[in-house]
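Undergrad: Before we start, here is the structure in question, set down as structure tokens.
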Amino acid sequence: MKKKIFRSLTIVTLLSTFLFNIFIAIFMYNKLLEQEIANLKNENNYILKTIDENFNINFFKNFTSQNRITLINNDGTVIFDNFEDATKMDNHLDRTEVILAIDKGLGEHTRLSATLGEQTYYYAVRLNSGQILRTSFTTSSIFSIFFNSMPVFMSISLVFIFLMMYLSKIMTEAIIKPIYPENPDIYDELLPFVKKIDSQKQYIDEQTDILQQKIIEFDVISKNIADGLILLDSNSNILSINAQAVNILGNSQIDYFSKPFIDLTRIISIRESVKETFLGKYSDNIIEIHGKFFSFRFSPIINDEKVLGVVILIVDNTEKIQAEKIRREFSANVSHELKTPLTSISGYAELIKTGIVKPCDIVPFAENIYNETSYLIDLIEDIIKLSKLDEGVGNFEFSPVNLKIILENIISRLENTALQSNITISHNLINAEILAIKNVIQEIFYNLIENSIKYNKAFGSICIDMSQNDDIVEILIKDTGIGIPNSSINRIFERFYRADTSHSSEISGSGLGLSIVKNGIYLHKGTIDVSSEENIGTVFKISFNIQK
Ligand code: ADP
């Protein structure tokens, strides 16, 4: 508005200056013309008086004038002209002013001069001798006066323009000032508007505050939820994205705000789902990204049957999906593991039932049935233990447990088994108490020490070392056994997995022991590591936090 008023005032100033100059120019021209004509007539009268009294052609030759003076005979021939050679000039009897002067004694006329080629004013008077005295001047002489005064005019005009512009600026500010509501001299006519604008401004400010608050709340929520959250506008541009979503799909170095969604991910199934969501459809998808399983929920934001945007919620379901996979594999393995000994038991029992077995074979058959049944019982016990650990049910009460006492107890229980294979067990135990589930801790170390005997060589050895560092107690179980092949070391904690070595088929086992160990240790927030070299031996390192 300020600019517009200033611009208008400037235009008015320029226009008025221009028009003023034009009027002045016209006025001046007319004034000058009048002045020139009066001068010319005076000069003409002066010459007239002088020559009428005493005519002498030399008078003309000596007379100097800026005006043109021509003496013409009454037959039209030019006798004298102070601008041109009179002998070369045309007969002037046809000139209007000459005709008028001959006829009426006086004539004047303005036209383009045939001799000078310029607009010329002529004034002719008849002398007593009948000759015509004609004086004239060209309008260019007026223009030259006019142009000579141009610089002065221009300067005055420029000063005037600058002055007016300065005044326009001051006036604009003076006009605008009362419009501002904070000004006490506000225009009365504007008061209702100002009040309305004021109350609207207040309302907008309040709404902006609420909105700001909501944005902060949304930001805090989206930052703190464990899941990825993305908000797209109707053009598929990213309105909001939390760090979790960026970590899953994009590059944490890039600021994705207001970037197109396709800049975030090139995964086709996600992009297709977004497209479908913009058609108003809800959809769920499980997508594997970098070895992890994420469930994506695409929801349209609908208002008045129009899709205004899309919300994408990304939940990391890797553990759930893997647990389901393990459970499926576990049930399949359990059926298989149970089927083999049961088939064998049923086979022996059938043979005995038919009576075709010799009496001397009955005892070994019964022994086989007994062994298979024992294996079955062990297997079922292991399965029960594992599922209890999985589900977290059973006698899982944490109480202070002295690891030294537990280990001594297990060693003494297994010493005889070790001796049968001439395996020696040495140990270096310290008093260390942890908060633990006693029977689970017993199970863990029983399985590990039993394995170090099972997978040892005749005349081998086992060494159990305990140490404490700050809050951590560490137990090393080293054996000089058959070792674990490199290809199997990462899988030995899987359920039913048994490393494939030349000796392993001779050693009985279900492949569940280390799964129970691993789950038991995790239940106590401990860690287990294994290092092994085939035919040299294996070391299991277990650590627990000490309860102080
Ligand atoms: P298993 O009933 O077969 O002993 P585990 O889960 O206890 O089942 O062990 C899984 C596999 O890990 C075993 O089959 C064996 O191949 C390997 N293993 C475990 N402990 C040792 C060890 N101390 N030395 C060599 N191999 C071992």
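Undergrad: Per residue, how many Å² of accessible area does the range 256-302 show with a 1.4 Å probe?
TA: 61 Å²
Undergrad: Put a dot 7 Å past each Cα toward the Cβ at residue 541 and residue 285; how far apart are the dots in nm?
TA: Placing both labels 7 Å along Cα→Cβ, they lie 4.4 nm apart.
Undergrad: Ok, one more. Need one word for the range 437-478: rounded, prolate or oblate. Basis is the Cα gyration tensor (sqrt eigenvalues a ≥ b ≥ c); a/c below 1.5 gives rounded, then a/b vs b/c decides.
TA: oblate
Undergrad: Shifting gears a bit: What ³J(HN,Hα) values, in whole Hz, does the Karplus curve 6.51 cos²θ - 1.76 cosθ + 1.60 give for the range 146-158 when θ = phi - 60°, with x put for Gly and Pro?
TA: Using θ = phi - 60°, the values come out as 4, 5, 5, 8, 4, x, 5, 4, 4, 4, 4, 4, 4 Hz.
Undergrad: Give the separation of the Cα centroids, the range 462-478 to the range 237-282, in Å.
TA: A separation of 49 Å, based on Cα centres.
Undergrad: Provide the FRET efficiency to the nearest 0.05 for the residue 75-residue 169 pair, computing r from the beta carbons and using R0 = 60 Å.
TA: 0.25
Undergrad: Let me ask another. Highest first, please rank the peptides 292-298, 439-445 by the mean number of other Cβ atoms sitting within 10 Å of their residues.
TA: 439-445, 292-298
Undergrad: Sticking with this one: Between residue 439 and residue 307, what is the FRET efficiency for a Förster distance of 51 Å, r being their Cβ-Cβ separation, to the nearest 0.05?
TA: So the FRET efficiency works out to roughly 0.30.
Undergrad: Give me the percent of DSSP beta bridges within the chain that run antiparallel, rounded to the nearest 5.
TA: Taking every DSSP beta bridge within the chain, about 95 percent pair in antiparallel fashion.
Undergrad: For an R0 of 41 angstrom, estimate the FRET efficiency from the Cβ-Cβ distance between residue 84 and residue 155 and round to the nearest 0.05.
TA: Result of the calculation: an efficiency of 0.55.
Undergrad: What do you reckon, how do 89, 171, 28 stack up by accessible area (1.4 Å probe), largest on top?
TA: From most accessible down to least: 171, 28, 89.
Undergrad: Here's something else I'd like to know. From the phi angles alone, apply the Karplus equation (6.51, -1.76, 1.60; θ = phi - 60°) to the range 12-17 and give each ³J(HN,Hα) in whole Hz, x where the residue is Gly or Pro.
TA: Values, residue by residue: 4, 4, 4, 5, 5, 4 Hz.
Undergrad: Non-local amide H neighbours of residue 110 (under 5 Å, H modeled in plane, Pro and chain starts lacking H): which ones?
TA: Long-range HN contacts for residue 110: 122.
Undergrad: Between residue 118 and residue 269, with labels modelled 7 Å along Cα→Cβ, what's the label distance in nm to one decimal, could you check?
TA: 9.9 nm
Undergrad: Can you tell me how much longer the chain between residue 531 and residue 176 gets when fully stretched, taken as 0.36 nm per residue apart minus their C-alpha distance, in nm with one decimal?
TA: Contour length minus the Cα-Cα distance gives 119.2 nm.
Undergrad: Find the accessible area per residue for the range 306-450; the probe is 1.4 Å, ligands and nucleic acids are left out, and the unit is Å².
TA: Result: 61 Å² per residue.
Undergrad: First compute the accessible area of the chain with a 1.4 Å probe, then give the percent of it belonging to carbon and sulfur atoms.
TA: Answer for the chain: carbon and sulfur cover 56 percent of the accessible area.
Undergrad: Would you mind checking which residues have amide H under 5 Å from residue 283's amide H? H placed 1.01 Å from N; only 5 or more apart, or other chain.
TA: Result for residue 283 returns 298.
Undergrad: Here is a follow-up. In whole Hz, with x marking every Gly and Pro, tabulate ³J(HN,Hα) for the range 421-430 from phi via Karplus 6.51 cos²θ - 1.76 cosθ + 1.60, θ = phi - 60°.
TA: Each residue's phi maps through the Karplus curve to give 9, 6, 9, 9, 10, 10, 8, 9, 9, 10 Hz.
Undergrad: Follow-up question, since we're still on this one. Ordering 346, 510, 374 by accessible area with a probe of 1.4 Å, largest first, what comes out?
TA: The ranking, largest first, comes out as 346, 374, 510.
Undergrad: What is the distance in Å between the Cα centroid of the range 330-378 and that of the range 102-156?
TA: When both Cα centres are located, 149 Å separates them.
Undergrad: Using DSSP to define loop residues, name the GluC sites (Glu not before Pro) in the range 220-319 whose beta-carbon has at most 11 other beta-carbon atoms within 10 Å.
TA: Listed in order of number, the matching sites are 305.
Undergrad: In what sequence, highest mean first, do 60-71, 413-424 appear when ranked by Cβ atoms within 10 angstrom?
TA: The packing order, highest mean first, is 60-71, 413-424.
Undergrad: With a probe of 1.4 Å, find how much accessible area the range 83-154 has per residue, and write the answer as a whole number in Å².
TA: 53 Å²
Undergrad: Simple spin-label model, 7 Å along Cα-to-Cβ: residue 351 to residue 323 in nm?
TA: Rounded to a tenth, the inter-label distance reads 4.6 nm.
Undergrad: So, one more: Which order do 455, 256, 203 take by accessible area at a 1.4 Å probe, largest first?
TA: 203, 455, 256
Undergrad: On to the next question. By how many nm would the segment from residue 213 to residue 408 lengthen if fully extended, with 0.36 nm per residue of separation less the alpha-carbon distance?
TA: 63.9 nm
Undergrad: Find how much the distance from residue 199 to residue 397 grows on full extension, using 0.36 nm per residue of separation minus their present alpha carbon separation; answer in nm with one decimal.
TA: Gain on extension, residue 199 to residue 397, equals 64.6 nm.
Undergrad: Would you work out the relative contact order for the chain, in percent, from Cα pairs under 8 angstrom that are 6 or more residues apart?
TA: After rounding, I find 7 percent.
Undergrad: How many percent of DSSP beta bridges within the range 420-493 run antiparallel, rounded to 5?
TA: 60 percent
The values are calculated or read from the model by the stated rules, or taken from the named source; none is laboratory data. Computed from a prediction, not measured in an experiment: that's the story for all the values here. In this analysis, Cβ positions are derived from the backbone assuming ideal geometry, glycine residues included, and neighbour counts consider all displayed protein chains. Areas reflect the complete protein model, heavy atoms only, side chains present, ligands, DNA and RNA absent. Shrake-Rupley method; radii C 1.70, N 1.55, O 1.52, S 1.80 Å.
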